[in-house]
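The structure under discussion appears below in the form of structure tokens.
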Number of protein chains: 2
Amino acid sequence: MFEAAELGHVIDEHSYAEQVPKLRENLLDAQFDLVESSRFEVVIIIAGMDGAGKGEVIHMFNEWMDPRHIQTHAPGARTEADREKPPMWRYWRALPAKGKIGIFFDALYSEAISARVYKQIDNSELDQALDRISRFERLLVDEGALVFKFWLHLSENLQKQRFKTLEKNPQTRWRVTAKDWDNHERYAQFHRVAERALRQTSFNDAPWTIVEGYDFRYRNLTVANTLLQALQHRLQQSRVAVPLQHVPPETPATDDVNVINTLDLTPSLGKKAYQKKLLKWQGRLNRLSRKKKFTGMSVVVVFEGNDAAGKGGSIRRVINAFDARQYQVVLVSAPTDEELAHPYLWRFWRHLPGRGKIRIFDRSWYGRVLVERVEGLCREEDWMRAYGEINDFEEQLIRNRTIVVKFWLAISKEEQLRRFKARETTPFKRFKITAEDWRNRDKWEKHESAVCDMVERTSTEIAPWTLVSANDKRYARIMVLKTLCHCIENQLRQR
Amino acid sequence: MFEAAELGHVIDEHSYAEQVPKLRENLLDAQFDLVESSRFEVVIIIAGMDGAGKGEVIHMFNEWMDPRHIQTHAPGARTEADREKPPMWRYWRALPAKGKIGIFFDALYSEAISARVYKQIDNSELDQALDRISRFERLLVDEGALVFKFWLHLSENLQKQRFKTLEKNPQTRWRVTAKDWDNHERYAQFHRVAERALRQTSFNDAPWTIVEGYDFRYRNLTVANTLLQALQHRLQQSRVAVPLQHVPPETPATDDVNVINTLDLTPSLGKKAYQKKLLKWQGRLNRLSRKKKFTGMSVVVVFEGNDAAGKGGSIRRVINAFDARQYQVVLVSAPTDEELAHPYLWRFWRHLPGRGKIRIFDRSWYGRVLVERVEGLCREEDWMRAYGEINDFEEQLIRNRTIVVKFWLAISKEEQLRRFKARETTPFKRFKITAEDWRNRDKWEKHESAVCDMVERTSTEIAPWTLVSANDKRYARIMVLKTLCHCIENQLRQR
């Protein structure tokens, strides 16, 4: 795999000087078109052997192109703040917007490769880590990003030679650290593990480009030409791909029994009993939030439901139980321009809670498989693959000690009508009802089948959906509080 | 995930009787179109909880459709013979040809799920196993197959109820085994692990369909309708998909230095020295093949090279070293009709060696990234993804104690010309030279860059390419023998 990058490729000064001006001009032109059209973003992942010139390649990018539209992200070791979030959070944060170029420097792969070389993980754990990276990259590609992966390579001998040269010169001596020599000692292992990593993560739409890194001229020309050609190629392609649909997006229902229409909507609660239970469960929730163990966890609560099902009222009862510094409510409505310029999950990665915090989502990432699906706001293949992406996303949260609680507040069609009418006639509630609500109501059955699919595909043992019978608001609120308490208690017991 | 399949779906006799005739007719029609067009194959994977009616579903398929075009594969535990081949071999063997329906019953997933439930593997090993299955399924989908995955589900209570009912009846008592009750005891674990498996392996083009399996009418209608709709959907789709090409298939070369043109083609060997070395290395190879440890291994040798590079001559020198019962040479030329009706790797899975055997491939699966690429015999995206598929394939061989040795026999353009001419003038060699050889020669540079890409992407530490300098036939043959000996010795030492 690395054979071609151990041949000692060298470009002489003269032919370098000859090629560079035209190449830079073309690169700038392509970048200009990218910025102008802002149709997609470019993600460049730079990895490779120590001393192969990874940093220099990034300098080259910034020098040869317009650096205002390039952002470099060299995460280094995870900080205390990073550690509060799932490992991928750092990369989601740093994703470039459409029209921009984002460079990930010594990111994603280095951590996994080093961990394997230094025997902190075994091969199956390495494969697991690589699979997670692949899923992330696939998501980016599926969302339209152009993803590059450069492996800058250096043979064992040339690495040694490079380190010695750097050490001889007092100006560059600082660049060779003890860690570099430690790694050099383990060159053979790095070689083997890197090969496995490249093999496992190379796929058509985001292949690896292996570049010998010894001669800076060869390195610069190769990297820049690869970027240029792919950029030009992509800019010329039409906007819309026409994938072959292997299976129809919707499967037929055999009967009319489903998780939503079998939900018993009759339970209700009297005013007095409600008041008593409300105090009881809010108190219990509050005490939980003040436990020492709780400071090591995070909580994400998702509220979805029919229009007028009482999400807002339930959320208010939940937040009343907490200290105001602990929680935050994220109201999810139409995405901003900036959010539209990123993969749809990006806006949710932005809002992840830190340790000891509760983040409540009033509507959420499930919009993609609910309203966006029903209203045709995204393509079929986009919402179809969203189930898997959402499961991956939530799994990352949970692995990172976040408790994920998801509520679907269900009301009957009749109850909705009653509430809509009440809203129209009550002046202070009128803002809550719009023409859109009535339009949604017309598609009641389509929404219902989207909800059923969502529950079937994303209700998992680690992040189950709780279907809340919400025809009676008081009953629903108590059920929400109770479920939340039980989920948190369960998790605290397990830690 | 399983919520909707624990609701107790039941269809009454009357409406079942009403729906079935039309459904069967439509299914038969769709199957007829499938057979007629033979454009793609259908792979149905049936998995699920014990007692959920997996076997009955297969009876239904065979009863409702034309069973001559359906083949069922219920592998059971791996036999001694199976164990000589990689785990996936059993499934490759059983793949249906285009136009056919192949059913995999309690296959692929059951083994991994059971192993996890019974704690023979941990979560990361489970994920690794699931990833392998996913890669297999993706390959099938990419090669055009329509892949279905049905999970037949049963809640814990209904499973118990089902077993008890079966046990009460003397006619069906045999169907409930002690193992079934063992599994039932571990229902919660099966539930959890199955959920993880489904979550990890669900993707757009091969999603899971979860079906409650208690009521046979509901089960039959749901499974049959799902199959019917997807089959009709797919039959209506045009043949060719137009995928968005994210990156250009070929990357630019910065200089004209590559692994092929830097290969030193001058080494040669005198006749006498050759004879001596030939005897020496053939003897050594023979002795290796008679070692006890060798009977636990398999050997796959791949010969690729320029036309007239001397593959045949080298192969003859290799096989002379072995007992005739031990080796077999597979000459790979144009695929047969049957081979064309399967994914391209299928024809090679057919020819895997058993234990203690040597299988020599005169040209190989690399045809896809060499001649098929250069001659445009497959689409760009097909040969682009082939690198990864080939790496996966070889990894499976190696994990299964097969030694994989790959030779590229390289000659210069001038030497090839000399040999072509000699073939034309030597009567007994004339059959060896065709118009196609001359045509290939015209594309020398394209072939060369295909070879370089092949080496870069598929020369791995576990299955490296050996580039053989073959301008001198004697030198080449000795190098082949020597390399083969070293590879086998290396592996025998490690076992």
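Just a few scattered comments:
- Within region A:247-261, residues that are at the interface with chain B (Cβ under 9 Å from one of its Cβ atoms) reach partners that are among the aromatic types (Phe, Trp, Tyr) with beta carbons closer than 7 Å, at six or more positions or on different chains, in the pairs A:Thr254/B:Tyr218; A:Asp255/B:Tyr218.
- All positions within region A:246-288 that are part of a helix (DSSP H, G or I) and not hydrophobic (A, V, I, L, M, F, W, C): A:Lys271, A:Lys272, A:Tyr274, A:Gln275, A:Lys276, A:Lys277, A:Lys280, A:Gln282, A:Gly283, A:Arg284, A:Asn286, A:Arg287
- Only listed residue being in contact (Cβ under 8 Å) with a residue 60 or more places away in the chain and basic (Lys, Arg), chosen from B:Lys413, B:Lys421, B:Lys429, B:Lys406: B:Lys406
- For region B:465-472, the condition holds for no residue, the condition being that it is farther than 28 Å from A:Asn204 by Cα and part of a helix (DSSP H, G or I).
- Of all the residues in region A:295-339, those that are in contact (Cβ under 8 Å) with a residue 60 or more places away in the chain and in a helix (DSSP H, G or I) number 8.
- Taking the numbered list (1) surrounded by 18 or more Cβ atoms within 10 Å (Cβ to Cβ); (2) at pLDDT below 95 in turn, B:Asn261 passes all entries but (1).
- Candidates in region B:85-109 are the residues that are of a type in the set (Gly, Ala, Ser) and surrounded by 18 or more Cβ atoms within 10 Å (Cβ to Cβ); of these, the one that is farthest from B:Ile46 (Cα to Cα) is B:Gly99.
- In summary, A:Leu221 fulfils each of the numbered conditions (1) modelled with pLDDT of 90 or more; (2) away from chain B (no Cβ under 12 Å); (3) under 25 Å from A:Trp64 (Cα atoms) with the single exception of condition (2).
- Check on A:Ser124, out of contact with any Lys or Arg (no Cβ under 8 Å at 6 or more places or on another chain), away from every other protein chain (no Cβ under 14 Å) and not β-branched (Val, Ile, Thr): no
- Pair list, Cβ under 6 Å, 6 or more apart: region A:220-239 residue touching a residue at least 12 places away in the same chain (Cβ under 8 Å) and not assigned by TED's automatic domain parsing to the domain that holds A:Phe32, other residue surrounded by fewer than 18 Cβ atoms within 10 Å (Cβ to Cβ) and outside any helix (DSSP H, G or I): none
- Among the residues of region B:375-432, just one is closer than 24 Å to B:Ala450 by Cα, in contact with a Pro (Cβ under 8 Å, 6 or more places away or on another chain) and outside any helix (DSSP H, G or I), namely B:Lys406.
- Count - residues of region A:460-491 that are buried (at least 19 other Cβ atoms within 10 Å of the Cβ) and of a type in the set (D, E, K, R): 4
- Checking each residue of region B:441-459 against the condition of being among the acidic types (Asp, Glu), more than 14 Å from chain A (Cβ to nearest Cβ) and either in contact with a Ser or Thr (Cβ under 6 Å, 6 or more places away or on another chain) or crowded, with 16+ Cβ neighbours inside 10 Å (or both) gives no match.
- Some residue of region B:466-489 being over 23 Å from B:Lys277 (Cα atoms), within 14 Å of chain A (Cβ to nearest Cβ) and in contact (Cβ under 8 Å) with a residue 40 or more places away in the chain: no
- Per the listing A:Ile45, A:Ile103, the residue uniquely closer than 30 Å to A:His191 by Cβ and either part of a helix (DSSP H, G or I) or touching a Leu at 6+ places or on another chain (Cβ under 7 Å) (or both) is A:Ile45.
- Only a single item in (1) buried (at least 18 other Cβ atoms within 10 Å of the Cβ); (2) at negative phi; (3) not charged (D, E, K, R) is not met by A:Ala308, and it is number (2).
Here's the yes/no breakdown for (1) among the small types (Gly, Ala, Ser); (2) within 28 Å of A:Thr251 (Cβ to Cβ):
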| residue | (1), (2) |
| --- | --- |
| B:Asp122 | no, no |
| B:Glu137 | no, yes |
| B:Gly144 | yes, yes |
| B:Asn157 | no, yes |
| B:Gln161 | no, yes |
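- Hits in region A:386-437 - residues which are surrounded by fewer than 21 Cβ atoms within 10 Å (Cβ to Cβ) and small (Gly, Ala, Ser): A:Ser412, A:Ala422, A:Ala435
- Residue match in region A:179-188 (condition: free of Cβ contacts under 8 Å to residues at least 12 places away in the same chain and more than 21 Å from A:Gly76 (Cα to Cα)): yes
- Criterion (closer than 26 Å to B:Glu80 by Cα and within 14 Å of another protein chain (Cβ to nearest Cβ)) met by exactly one of B:Phe393, B:Phe361: B:Phe393
- Single unsatisfied condition, B:Ser449 versus (1) hydroxyl-bearing (Ser, Thr, Tyr); (2) modelled with pLDDT of 95 or more; (3) part of a helix (DSSP H, G or I): (2)
The values are calculated or read from the model by the stated rules, or taken from the named source; none is laboratory data. These numbers come from a predicted model, not from an experiment. A quick note on method: Cβ atoms are made from the backbone with ideal geometry, for glycine too, and the neighbour counts reach across all protein chains shown.
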